[in-house]
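What follows is one structure encoded as structure tokens, with my remarks underneath.
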Amino acid sequence: MAKAGAQARFLIIVIVVSFLSGCFGGGGSSSSNTFNLTVTVLDDAAKQPAVGAVVEVVGKGLAVQETNANGKVTFLKLAGSIELLIKAPGFSEQTQTVLMSKDQNVTVYLTAKVNGVVVETNENLAAAVADPTVTKITVVEDLVLYQKLVIDRPVRLDLHDKTLTGDVEYVFDESGSLQLTGTGQIDGNLIVNAPHASISNNLRVTGVISILAVASQTWNDYQSGNEYVVSCKHARIKLYQGAAAIHFTESGGDNVLFIDGTVESFIADSSVEVEGAKHIVHATVNAQGIVFDYPPAKIDGSETPEIINSDPVDPQPQEIAGPRFATVSKRDGAYFDFEKGETSAAPGEADLKLTWVQIGNEYTLIGFENCAGMQFGVNPNLGGGDLNLILQQFRTVTAADWRPSETLEAIQLAPYDTLILKTNTGRLVKVFILEIRGHWQHDDAAAVDFIYLFLDEVDETPPEIESVTLVTESSARITRPIQAGVIEFEIDEDPERIYFSFSEVVYSNRPLARGDINSGFPPSQLWFSANAGYLGSPYLAREFGAGISVYGMSPSWSVIELSGGDEAFYEDLPNDHGFFFADIFGNELTELPFDKIVIKRVEP
């Protein structure tokens, strides 16, 4: 085995995916001749994702895709020069040529089809609203409405720095996006009933903003003092500057709220998940299904919310002796339960469903269905083994990195991906993909190895060697206990390999010193390598083995001793970090649990 510290370098790529489709996307190209393309479509004016834009790869016979909540689509296995055609309601079409000589990420900015008018009077305003060809109205004078202004299409309203006094209501079924822009304000109420539109609001509203219906993806608000009443379902509301108050009514439910500024009052009479809840001054919880990532300053009400991190300063996670290891194959079943660590063939209380995707002759990709979370990936195409770099994301991601996401179809994963997702019990868990394998001729052999750790747990203990096993030339496996610091094997045939089995997944750093007693030679280095197979990746596993050759020894039944070397033994060792093995979190096994292993070859 090549030394772990000398293995070729990996390039780490942080893929922050607020999951566009299914749970996770990413991974490298599936072929050396084809590549993956991710297209991000943004509204050029608002610099926000263009949700529901149609993206087509012209002339390739690929399915047309619609952008998700992040304005993204991904096409797989492309090659050569391709032409993209991007369309969205209310925007001018765009085309773009991309040379697919590598994996590409392309951003396209769509320009709104604007037929704008400038209004100075109520009469001008009424005429503009009545004209179906007008797509933007700019108000350049303070206006007091005679009656509620009702707009029946996604007309962009720009108040410049003026005040529109009176109530404004948008009611329309068209899809697309609606922008309320300018530094002015509505001195009254704003009502929005637009079930297929995403909204971006920059206006100050002195009354109440009532959200009756919006598209499931987004409502973005950039003001700090607005008051909201939310009566819709499945909305994703982002308050970039906070709010004076927000009330989720009984008729709503299953909403998601993101908070980046102070919210003085939060009232929940229906289910909602909140990220940034630590910014809430006073929360009143009167419904089940309320989830806070961190506790608000004050909580009252008739129901008790779920709080993922009860103390953001000192969460006091539960100490465990290592992350859990799992192998899930098509033979065992597709459903995995994180709490129980069990796989089943039929759906039950399992947390996710795994799906294998055949690419060529191999099941090289795996998807997780019906979950939500984030992905951080490592590009494996540069070859293997800067393990600190590979494991950096799994070691450092926290609950603050998790984002709720849509749960649509399954898409691709790759080895060494780190994933954060929420289980059916509401716990956050991080997952590290060790290996994905399987051949199309052996459908039941498709499998994935991964380790996982709940984010309310911590592993600060070094790994333990649970057993030491010697394998002889006849394939006999012999395990011996430690007695007085010594593990002794007495065999009547030649030894071939020795294995260490660990309590958790580890990687190797230092060799052991091998001494051939009475040979007259100094100790040699005995390197251990991962016994991958169905135990992990080429460098990470729960079992490590080393070959023990007795060829040329005279006599062949001489005694072999294995032990940790002294400082001089390791002083010229490149990339030595002072430990023998370490676990996924870098907890190091610096002292072996035995003084030496003795292998005695005796005559039969």
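Values as computed for the structure displayed
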read-out: Of all residues making up segment 566-604, the number that are part of a loop (DSSP other than H, G, I, E, B), more than 18 Å from residue 522 (Cβ to Cβ) and of a type outside the set (D, E, K, R); value: 16
read-out: Where residue 527 falls short, out of the listed (1) in the same structural domain as residue 581 (by the TED database); (2) in contact with a Pro (Cβ under 9 Å, 6 or more places away or on another chain); (3) open to solvent by 50 Å² or more (accessible area, probe 1.4 Å); (4) of a type outside the set (S, T, N, Q); value: (3)
read-out: Test: residue in segment 105-115 that is open to solvent by less than 50 Å² (accessible area, probe 1.4 Å) and small (Gly, Ala, Ser); value: yes
read-out: Positions within segment 186-197 being open to solvent by less than 10 Å² (accessible area, probe 1.4 Å) and either over 13 Å from residue 227 (Cα atoms) or not assigned by the TED database to the domain that holds residue 222 (or both), in sequence order; value: 192, 194, 197
read-out: Listing of strands (runs of 3 or more DSSP E) fully contained in segment 7-78 that carry 1 or more residues being at pLDDT 85 or above; value: 35-43, 54-57, 72-78
read-out: Yes/no for residue 551 being at pLDDT 90 or above and over 37 Å from the mean Cα position of the chain (by Cα); value: no
read-out: Looking only at segment 167-185, and only at residues there that are among the β-branched types (Val, Ile, Thr) and out of contact with any Ser or Thr (no Cβ under 9 Å at 6 or more places or on another chain), the one that is surrounded by the fewest Cβ atoms within 10 Å (Cβ to Cβ); value: 183
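Quick grid of which residues meet (1) at pLDDT below 85; (2) open to solvent by 20 Å² or more (accessible area, probe 1.4 Å):
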residue: 403; (1), (2): yes, yes
residue: 409; (1), (2): yes, yes
residue: 412; (1), (2): yes, yes
residue: 427; (1), (2): yes, yes
residue: 444; (1), (2): yes, yes
residue: 450; (1), (2): no, no
residue: 454; (1), (2): no, no
residue: 457; (1), (2): yes, no
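The values are calculated or read from the model by the stated rules, or taken from the named source; none is laboratory data. Values in this document were obtained by computation on a predicted structure and should not be read as measured data. All Cβ positions, even for glycine, are placed from backbone atoms using ideal geometry, and neighbour counts span all protein chains on display. Remember, those area values only see protein heavy atoms, side chains included, never the ligands or the DNA or RNA. Shrake-Rupley method; radii C 1.70, N 1.55, O 1.52, S 1.80 Å.
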